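One structure below.
The values are calculated or read from the model by the stated rules, or taken from the named source; none is laboratory data. Small disclaimer: the values here were computed from a predicted structure and weren't measured. Every residue, glycine as well, gets a Cβ built from its backbone with ideal geometry; the counts of neighbours run over all protein chains shown. The accessibility values were calculated without ligands, DNA or RNA, using every heavy atom of the protein model including side chains. Shrake-Rupley method; radii C 1.70, N 1.55, O 1.52, S 1.80 Å.
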Amino acid sequence: MQAGDKAVITITGIAAGGDGVGRVDGAVVFVPGTCCGDVAEIIIEYVKSGCFYGRILRFLEKSPHHRTDFCENCDVCGGCNFAHMDYSEQLLVKRQIVEDAVQRIGGFCGFVVDKTLSAPKNERYRNKMVFPLGTDKKGQPVGGFYAPGSHDLIPLSDCRQGDSAASGWLSAAVSFLREFGISVYNEKTGKGLARRLFVRLAETTREAMVVLTINGDKLPHAEEFVKRLSAVKTEYKLTSVMINIHKEANNLLLGSQNKLLYGKEYIEDVLGGFSFRISAHSFYQVNSPQTERLYQTALNLAALSGSETVLDLYCGIGTISLFASKKAGRVIGVEVVPQAIENAKENAERNGVLNAEFILGKAEEVAPKLKKENPAVVFLDPPRKGADKKALEAIITMAPEKIVYISCNPATLARDLKFLCGEGYSLEKVIPVDMFPNTAHVETVALLTK
Ligand code: SAH
């Protein structure tokens with residue numbers, strides 16, 4: 001078989017990245033946009049490391065879980081690679097993806113992963129939307145999303161993953177750019193001003209932040225920009241408008257410096273009864289109602305006694321730390337982003353939490369210095385690449401009774417669980433939590449005991 005060949009395939013599984021998987025003449029073929037049970041005619045697009053990648057030509061039979069009504073842009077936009085699957089099926093598949101990783105990468109043969117905890121809202125749930133800006137064929141500014149695996153812009157007027165407020169501000173920003181003849185950044189030439197529109201919403205307080213990232217220091221007609229955004233009718237209050245200076249040729253969403261155009265430099269949200277200040281640069285879970293359930297799940301697993309010391313590695317703005325503070329003697333949070341640590345300190349103070357402290361630094365550099373604090377429970381919630389080996393080694397040296405690992409990447413979670421279980425811990429429970437409906441992404445909470 002080679003690129004360009006046609007074949008008929010029955011999809012029998014879903015791979016970690018979300019593609020359907022089946023076999024043709026014994027060879028493994030990955031086909032995006034399919035569900036288990038779909039039978040389709042495909043064309044092989046390319047071959048990589050002995051695996052074949054196909055594209056649907058036509059369906060011969062569709063799984064009863066295959067849906068086509070989620071979004072008209074599904075076939076071209078790279079945002080939602082599970083949009084074609086009904087929600088109950090997505091939950092089953094995510095459990096399977098996590099279990100496959102735990103068993104195959106982690107080596108926990110026969111380990112049974114819990115059912116996926118479903119999300120209260122499975123559309124329009126995202127509280128953060130980042131729209132790249134580009135130009136249409138006539139050279140006019142447009143905003144939208146990138147096509148899968150590319151930087152080809154698919155212009156969108158709405159996206160069902162985010163609140164309609166975000167789409168409203170995108171339209172207002174695009175029409176502002178068009179009317180005032182403001183150029184859009186071109187990745188190939190490095191020229192042009194407007195790069196992306198970043199929108200962050202606080203679900204409980206209904207505060208909203210809009211940030212335009214620019215390849216320059218100044219936005220012409222900035223007052224008019226604020227006026228246009230303010231005129232958009234939504235349930236949210238626009239309480240923060242900024243430009244972000246981003247002149248580097250990289251894929252980072254934001255450059256390091258913000259300039260305030262209107263309001264405050266942060267928004268406030270309420271989660272689990274705590275009020276949180278969130279800056280543009282700080283990490284904040286994107287699905288707010290499900291975040292409370294995620295943290296509650298993690299806390300239930302930790303079963304804190306009320307007197308122990310707790311370590312929260314990769315703590316962001318201190319969300320898990322504050323949730324844990326009510327049930328622990330003392331909490332220490334560690335985080336590398338300065339704005340997030342600033343937020344965490346303010347958040348503790350503003351909520352009257354006296355038993356939480358926060359340290360700015362890399363988990364792998366700070367954790368080795370915390371052995372004397374003798375934590376009984378360690379929470380860790382690293383980014384997709386997982387925990388640094390040095391951070392894990394430091395945890396082993398501290399020898400906490402329990403480790404609660406929260407992860408957005410089953411593969412690195414499984415790798416790290418394997419390491420910890422080789423050093424005296426045992427894996428008790430693994431619970432997938434659906435933070436990202438309609439995508440193949442899955443969050444997982446795991447409990448290890450010494
Ligand atoms: N627990 C928080 C944040 C989780 S996201 C929450 O639920 O909101 C992961 C966090 O790890 C981010 O805030 C990121 O800035 C931080 N981070 C990334 N690399 C790090 C490192 N090496 N050391 C400490 N923090 C790091």
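The table that follows gives values for the structure above.
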{"read-out": "Some residue of region 87-101 being open to solvent by 70 Å² or more (accessible area, probe 1.4 Å), in contact (Cβ under 8 Å) with a residue 12 or more places away in the chain and not small (Gly, Ala, Ser)", "value": "yes"}
{"read-out": "Elements of type strands (runs of 3 or more DSSP E) in region 76-165, at least 2 residues being aliphatic (A, V, I, L, M)", "value": "128-135, 153-155"}
{"read-out": "Of all residues making up region 1-30, the number that are within 27 Å of Leu413 (Cβ to Cβ), touching an Asp or Glu at 6+ places or on another chain (Cβ under 6 Å) and part of a strand (DSSP E or B)", "value": "1"}
{"read-out": "Of all residues making up region 238-266, the number that are open to solvent by less than 60 Å² (accessible area, probe 1.4 Å), within 20 Å of Glu342 (Cβ to Cβ) and part of a loop (DSSP other than H, G, I, E, B)", "value": "3"}
{"read-out": "Residues that are in contact with a helix residue (DSSP H, G or I) (Cβ under 8 Å, 6 or more places away or on another chain) and within 30 Å of Glu292 (Cβ to Cβ), drawn from region 204-224", "value": "Thr204, Ala208, Val210"}
{"read-out": "Total residues in region 362-382, condition away from the ligand (no atom under 12 Å from the Cβ) and among the small types (Gly, Ala, Ser)", "value": "1"}
{"read-out": "Verdict on Lys345 being within 15 Å of the ligand (Cβ to nearest atom), outside any loop (DSSP other than H, G, I, E, B) and among the basic types (Lys, Arg)", "value": "yes"}
{"read-out": "Pair list, Cβ < 8 Å and 6+ apart or interchain, from region 128-139 residues that are more than 17 Å from Arg200 (Cβ to Cβ) and free of Cβ contacts under 8 Å to residues at least 24 places away in the same chain to residues that are in a strand (DSSP E or B) and open to solvent by 10 Å² or more (accessible area, probe 1.4 Å)", "value": "Asp136/Val142; Asp136/Pro155"}
{"read-out": "Selection count, region 299-318, where residues are closer than 23 Å to Leu360 by Cβ and within 16 Å of the ligand (Cβ to nearest atom)", "value": "9"}
{"read-out": "Residue ID - nearest to the ligand (Cβ to nearest atom), chosen from residues in region 383-396 that are assigned to a helix (DSSP H, G or I) and surrounded by fewer than 18 Cβ atoms within 10 Å (Cβ to Cβ)", "value": "Lys390"}
{"read-out": "Scan of region 35-73 for residues that are assigned to a loop (DSSP other than H, G, I, E, B) and closer than 26 Å to Gly144 by Cα, ordered by number", "value": "Arg67, Thr68, Asp69, Phe70, Cys71, Glu72, Asn73"}
{"read-out": "Residue satisfying condition, being free of Cβ contacts under 8 Å to residues at least 60 places away in the same chain and open to solvent by 10 Å² or more (accessible area, probe 1.4 Å), within set Val336, Val331", "value": "Val336"}
{"read-out": "Flag for Thr412 being within 14 Å of the ligand (Cβ to nearest atom) and over 21 Å from Ser307 (Cβ atoms)", "value": "yes"}
{"read-out": "Residues satisfying the stated conditions in region 246-303, i.e. in contact with a His (Cβ under 9 Å, 6 or more places away or on another chain) and closer than 26 Å to Tyr236 by Cα", "value": "Leu253, Leu254, Gly255, Gln257, Asn258"}
{"read-out": "Extreme residue, nearest to Ala303 (Cα to Cα), among residues of region 319-342 that are assigned to a strand (DSSP E or B), more than 10 Å from the ligand (Cβ to nearest atom) and hydrophobic (A, V, I, L, M, F, W, C)", "value": "Val331"}
{"read-out": "Selected residue (criterion: nearest to the ligand (Cβ to nearest atom)) from residues of region 267-283 that are part of a loop (DSSP other than H, G, I, E, B) and open to solvent by less than 10 Å² (accessible area, probe 1.4 Å)", "value": "Ser282"}
{"read-out": "Hits in region 169-217 (condition: within 18 Å of Ala280 (Cα to Cα), surrounded by fewer than 23 Cβ atoms within 10 Å (Cβ to Cβ) and hydroxyl-bearing (Ser, Thr, Tyr))", "value": "Thr204, Thr205"}
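Residues are listed down the side, and each one gets a yes or a no for (1) at pLDDT 95 or above; (2) within 24 Å of Val433 (Cα to Cα); (3) touching a helix residue (DSSP H, G or I) at 6+ places or on another chain (Cβ under 9 Å):
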{"residue": "Arg293", "(1), (2), (3)": "yes, yes, no"}
{"residue": "Ala302", "(1), (2), (3)": "yes, yes, yes"}
{"residue": "Tyr314", "(1), (2), (3)": "yes, yes, yes"}
{"residue": "Ser321", "(1), (2), (3)": "yes, yes, yes"}
{"residue": "Arg330", "(1), (2), (3)": "yes, no, yes"}
